[in-house]
Amino acid sequence: MRSVRIPADRVGVLIGKNGETKKILQRISGVKLDVNAEDGEIIIHDEAHLEDPVMALKVMDVVRAVGRGFNPEKAMRLFDDDEYLEIIDIKDFSGGRSEQLTRIRGRLIGKNGKTRRIIEELTGCDMIIYGSTVGLIGNTVSLPVAKHAIELLLNGSEHATVYHYLEGQRPRLRISEMGFDL
């Protein structure tokens, strides 16, 4: 048995309308979920002999991703092999000041969502900014590229520098999409 705590305002998203999302997660994984809507604690019952022993960990990541702001459909990418969740805490870069946090979040999103959209389109990762965290879902090739682009922005690099970095990574990302190992 494992447990994950998610923000109370994300519990409803995890359960879904009439419990549909929770049912889908349980059906895909073969793992039973108990949801405590009061405190946001999700208990994952992995005592059953699962066909795929890694499934309980994948469910944990899906629950964590929904808790960090991803919609359940995007979070379910984590059931695929070679798809991973990365959470970056923006507070580590803001010095704990709330006005800095707001400014940094704005830099990551960009005007009309441009920066976020470019990172997602060029890397193939899904990105979400929720509270003081940035969440990424991607594969072993695209995830480090997206994470580095975000860290460049968090460390103060200009947007043009980050876009140039991402453009430079496109050939590498394309090769990996074709199924060739790098």
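Quick one, which of (i) 161; (ii) 110; (iii) 130 is the actual volume of the Cα convex hull per residue in Å³ calculated for this model?
Answer by label: (iii).
I'd like the orientation of helix 114-123 relative to the chain: the angle between its Cα long axis and the longest Cα principal axis, in ° from 0 to 90, rounded to 10.
Approximately 70 degrees, to the nearest 10.
Please build a GNM for the chain, connecting alpha carbons under 10 Å apart, and tell me which residue among Arg107, Arg68, Arg27 fluctuates the most.
Arg27
How about Lys23: which aspartates and glutamates have a C-alpha closer than 12 Å to its C-alpha, ignoring those fewer than 8 places off in the same chain?
Asp34
Divide by every residue of the chain the summed helix terms, -39500 (n - 2.57) for each DSSP H run of at least 4, and state the resulting mean residue ellipticity at 222 nm, rounded to the nearest 500 deg cm²/dmol. Kindly include the intermediate steps, with their values, before the conclusion.
On the way: 9 runs with 93 residues, N = 182.
The helix contribution divided over the chain gives -15000 deg cm²/dmol.
Using only Cα atoms, tell me the angle between helix 20-29 and the longest principal axis of the chain; keep it within 0 to 90° and round to the nearest 10.
On a 0 to 90 degree scale, this one is about 90.
Any idea how far the Cα center of region 111-180 sits from the one of region 8-77, in Å?
Using only Cα atoms to place each centre, the spacing works out to 26 Å.
For the chain, what is the relative contact order in percent, using Cα pairs closer than 8 Å and at least 6 residues apart in sequence?
On the way: 252 pairs, mean separation 30.8, N = 182.
For the chain, the relative contact order is 17 percent.
For the chain, build the charge dipole from Cβ charges (+1 Lys, Arg; -1 Asp, Glu) around the Cα centre, then report which of Asn36, Thr140, Ile90 sits farthest towards its positive end.
Farthest towards the positive end: Ile90.
Of the listed pairs Lys22/Lys74; Lys22/Lys147; Lys32/Lys147; Lys74/Lys147; Lys22/Lys91; Lys17/Lys111, which have alpha-carbon separations greater than 23 Å here? Write down the numbers at each step before the final one.
On the way: Lys22/Lys74 14 Å; Lys22/Lys147 29 Å; Lys32/Lys147 32 Å; Lys74/Lys147 18 Å; Lys22/Lys91 31 Å; Lys17/Lys111 33 Å.
As for pairs spanning more than 23 Å Cα to Cα, those are Lys22/Lys147; Lys32/Lys147; Lys22/Lys91; Lys17/Lys111.
How would you rank 72-79, 55-62, highest first, on the average number of other Cβ atoms within 10 Å across their residues? Don't skip to the answer; put the middle values down first.
Working: 72-79: 18.6, 55-62: 20.5.
The peptides rank, most packed first, as 55-62, 72-79.
Just so you know, all these numbers are worked out from the coordinates, no wet-lab data involved. Please read all numbers here as calculations on a predicted model, not as lab measurements. We place every Cβ from the backbone using ideal geometry, glycine too, and count neighbours over all the protein chains shown.
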